[in-house]
1. Collect the residues in the range 51-64 that are open to solvent by 50 Å² or more (accessible area, probe 1.4 Å) and within 15 Å of Arg84 (Cβ to Cβ), keeping them in residue-number order.
2. Within the range 88-119, can you find the residues that are touching a strand residue (DSSP E or B) at 6+ places or on another chain (Cβ under 9 Å) and in a helix (DSSP H, G or I)?
3. Step by step: first the residues of the range 89-114, then only those that are farther than 17 Å from Asp30 by Cα, within 19 Å of the chain's Cα centre (by Cα) and open to solvent by 30 Å² or more (accessible area, probe 1.4 Å), then the one that is modelled with the highest pLDDT. Which residue is that?
4. Please work out which residue is surrounded by the most Cβ atoms within 10 Å (Cβ to Cβ), limiting yourself to the range 145-174 and to residues that are closer than 26 Å to Lys135 by Cβ and out of contact with any strand residue (DSSP E or B) (no Cβ under 8 Å at 6 or more places or on another chain).
5. Just checking, which of Ser86, Ser81 is over 30 Å from Ser127 (Cα atoms), more than 17 Å from the chain's Cα centre (by Cα), surrounded by 12 or more Cβ atoms within 10 Å (Cβ to Cβ) and in contact (Cβ under 8 Å) with a residue 12 or more places away in the chain?
6. Name the residue that is surrounded by the fewest Cβ atoms within 10 Å (Cβ to Cβ), counting only residues in the range 12-47 that are within 14 Å of Leu73 (Cβ to Cβ) and of a type in the set (D, E, K, R).
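The values are calculated or read from the model by the stated rules, or taken from the named source; none is laboratory data. What you see is a predicted model, and the numbers here were worked out from it, not measured in a lab. Positions of Cβ are backbone-derived with ideal geometry, glycine not excepted, and every protein chain shown enters the neighbour counts. Please note that ligands, DNA and RNA were not included when accessible areas were found on the heavy atoms of the full protein model with its side chains. Shrake-Rupley method; radii C 1.70, N 1.55, O 1.52, S 1.80 Å.
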Amino acid sequence: MPSNGSARRYAQAIFAIAQGDKTSDTWLNDLGRLTEICSIIEVQEFLKSPKLSFEQKDAFLAQHLEGLNPLALNLANLLVSKGRISLAGQIYESFQEMVDDEDGTVSAVLTSAIPLKKDLYNEIEKSLTRQTGAKLRMSSVVDPSIIGGIVARIGDKVIDGSTKAKLQNLRGWLNG
């Protein structure tokens, strides 16, 4: 999901802080936790409710985000006070991209019709790493609409080995 400008600016500020004190891993963990909590619809509604005081929302965040570094908790409170808590996921994604760019990691997403078994996932990861020569940050998605096979999105490149793509190619060839 592309991030909007505001989310990117927050991520850039966090990245500058993380680079200064070498805490990128801590920030990734903290932003991941914030994103996880804020992805729950009921939590979003609670934090956006005008009926609740900032102190109630602050107490909620402190309780549910216990252990976060103080700057990350301050960020959460700032997002709540500005009515921008919905940006948490986009901030996390933008920050992850910046960290990946810094250390030369490329994002790779495997899409399959059914969940991949661990040994097959690992085999594909090794193969893609060999083929690209890059350090990959792998994730997987299940999308039954591809029918079978695998679609690999590595950075901005797509390798479509799905049954759906093969059927579409065959239809195009037959309709030629």
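1. Across the range 51-64, the qualifying residue is only Phe54.
2. Gln96, Glu97, Val99, Asp100, Asp103, listed by residue number.
3. Here the residue is Val109.
4. For the range 145-174, the residue satisfying everything is Lys157.
5. Ser81 is the lone residue from the list that is over 30 Å from Ser127 (Cα atoms), more than 17 Å from the chain's Cα centre (by Cα), surrounded by 12 or more Cβ atoms within 10 Å (Cβ to Cβ) and in contact (Cβ under 8 Å) with a residue 12 or more places away in the chain.
6. Arg33
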